[in-house]
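The values are calculated or read from the model by the stated rules, or taken from the named source; none is laboratory data. The shown structure was predicted, so the numbers you read here are calculated from the model rather than taken from an experiment. Using ideal geometry, Cβ is built from the backbone for each residue, glycine included, and neighbour counts are taken over all protein chains shown. Areas reflect the complete protein model, heavy atoms only, side chains present, ligands, DNA and RNA absent. Shrake-Rupley method; radii C 1.70, N 1.55, O 1.52, S 1.80 Å.
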Amino acid sequence: MAKRHHEQHRIEHIGWLRAAVLGANDGIVSTASLLVGVVAAHADYRTILLTGVAGLVAGAMSMATGEYVSVHSQTDTERAALAEESAEIEEDFHGEHRELTAIYMRRGLGFQLAGQVASELMAHDALGAHARDELGISHMNTPRPIQAALASASSFSAGAIVPLAVVAIAPASSLLLTIAGTALLSLAILGWLAAKTGGAKIMPAVARVTFWSALAMAVTSGVGLLFAGHA
């Protein structure tokens, strides 16, 4: 008996991977940058800790809100496009059949076969065929606003906890370097995991995330030093 052929492509992970990586990345970078800035400004421990907690809560809510609004807007756009396409199919079925046939011909099918494929697919699910092949809407990229919002908020919080934990356990004398070093190491690991999961090149992903994150912390550290000098 022939074995069933199962395929699992990494492209299927892109939706949740993007939200998770973006959230965790932002959580580490923004919270660590805030903490580095206030530490460089010689703030007291209570102020440093309060800044980190406030950054975690505000950032998580901001990520959730932004992701929800963005994905919901995509949902509304897709629904409007599907409603318009449904009306077009109802008003001019043969014209939509010709349109679908032309799409398949551009993909390499001959006229007769393209027409036959279009006929079969439209007989089965006309709107689904046009949604997938004309509009590029499929079940793989169907937006889920609440899921995306929760994923972003959760991953941001998980990332933000890393520099906050450093504040809780690291000695005050080396706090700035410890926060920055731990954050960059965590981001490098995160970049490695994201690249590994998505099947991308690992070193460019790691270098990209660590460089820009180091730059962000350097800038906020400079701002903190500037305020400390004027205090």
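When the chain is fully extended, how far beyond the present Cα-Cα distance does Leu226 get from Arg98, taking 0.36 nm per residue of separation?
Contour length minus Cα-Cα distance gives 39.4 nm.
If each DSSP helix of 4+ residues adds -39,500 (n - 2.57) and the sum is divided by the residues in the chain, what number results at 222 nm, nearest 500 deg cm²/dmol?
Calculated mean residue ellipticity at 222 nm is -29000 deg cm²/dmol.
Would you mind getting me the FRET efficiency between Val53 and Ala207? Use the beta-carbon distance for r and R0 = 35 Å, nearest 0.05.
My answer for the efficiency is 0.65.
For the chain, with only Lys/Arg (+1) and Asp/Glu (-1) charged at the beta-carbon, what is the dipole magnitude about the Cα centre, in debye rounded to 20?
So the dipole magnitude of the chain works out to roughly 1420 debye.
His94 accessible area, nearest 10 Å², 1.4 Å probe?
The value for His94 is about 130 Å².
Anything in the chain that counts as a DSSP H helix reaching 24 Å or more along its axis (C-alpha) with Kyte-Doolittle mean of at least -1.0? List them, would you?
Result, helices passing both filters: 14-40, 45-91, 145-169, 175-198, 202-230.
I'm a student and want to see the number: the projected area of the Cα convex hull of the chain, averaged over all directions, in nm².
Result: 18.6 nm².
Quote the relative contact order of the range 87-143 in percent (integer), defining contacts as alpha-carbon pairs under 8 Å separated by 6+ residues.
Reported relative contact order: 31 percent.
Can you tell me the length gained on complete extension of the stretch Leu135 to Ala168, counting 0.36 nm per residue apart and subtracting the Cα distance?
Result: 6.8 nm gained on full extension.
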